[in-house]
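Asks: Got a structure here, written out as structure tokens. Questions coming.
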Amino acid sequence: YISVTGVQTCALPIYTAIEGTNLLRYHLPQQGMGRMKIGMGLPSDTGPMDGDPSTQDIVEMAKFGEEAGFDSVWLVDHFLYDAGAEMAALGAGPPPELIGVLYGAWEALAVAAGLATVTERVEIGTMVLNTGYRNPALIARIAETIDGLSNGRFICGLGARSEEHTSE
């Protein structure tokens, strides 16, 4: 999915070919006071605990997003989650095969630190860190470290709590 932040003007997108591929780079021209930023959400769940996508897959997707012209890449913060319960909490009827299946997720701050070392331009954000998982002083220190590794490109999104079923 794609997130859109910082909308200040409405600009028509420009697509240019990425050399040596059949892919297009997407970017918006600079207009007025600023421009719309487009971010890419990276998958971080490990499926039903089988490790798919791998951390290397996530790295490659982030590098692709940077090459394609996205302004940012985003990670979610979960230890385990029940996909069926997540869907039900949003008002959707989950399919029977998802009920009770636990999904794992790669540790968001560790992945963000890794992405900081292999990307050069994209901002790296968390949507959102669950402050109940970690000591607040530790979050601050880790965020400061990632921000340093990324040369100021880290966006630390924080949340006060998660849905009840994700913290049980």
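Asks: Charges on Cβ only, +1 for Lys and Arg, -1 for Asp and Glu, centred on the Cα centroid of region 66-168; of Trp106, Val76, Asn151, which one is farthest towards the dipole's positive end?
Replies: Among Trp106, Val76, Asn151, the one farthest towards the positive end of the dipole of region 66-168 is Asn151.
Asks: So how do 91-98, 152-159 stack up, highest first, on mean other-Cβ count within 10 Å? Can you show the working numbers first?
Replies: On the way: 91-98: 10.6, 152-159: 15.8.
Ranked by mean Cβ neighbours within 10 Å, highest first: 152-159, 91-98.
Asks: Quick one: which residues, 5+ away or cross-chain, put their amide H under 5 Å from the amide H of Trp74? H built at 1.01 Å from N.
Replies: It is Met40, Gly41, Leu42, Gly125, by chain and number.
Asks: Next question. What is the magnitude of the charge dipole of region 57-117 about its Cα centre, with +1 placed on the Cβ of each Lys and Arg, -1 on the Cβ of each Asp and Glu, and no other charges, expressed in debye to the nearest 20? Display every interim value, and only then the final one.
Replies: Working: 1 positive and 10 negative charges, 19 e Å.
Computed charge dipole of region 57-117: roughly 100 debye.
Asks: Heavy-atom accessible area of Glu144 with all protein chains present, probe 1.4 Å, nearest 10 Å²?
Replies: Near enough 110 Å² of accessible area.
The values are calculated or read from the model by the stated rules, or taken from the named source; none is laboratory data. This structure is a prediction, so every number in the text was calculated from the model and none was measured. Here Cβ is always computed from backbone atoms with ideal geometry, including for glycine, and neighbour counts include all displayed protein chains. With ligands, DNA and RNA removed, areas are computed over all heavy atoms of the protein, side chains included. Shrake-Rupley method; radii C 1.70, N 1.55, O 1.52, S 1.80 Å.
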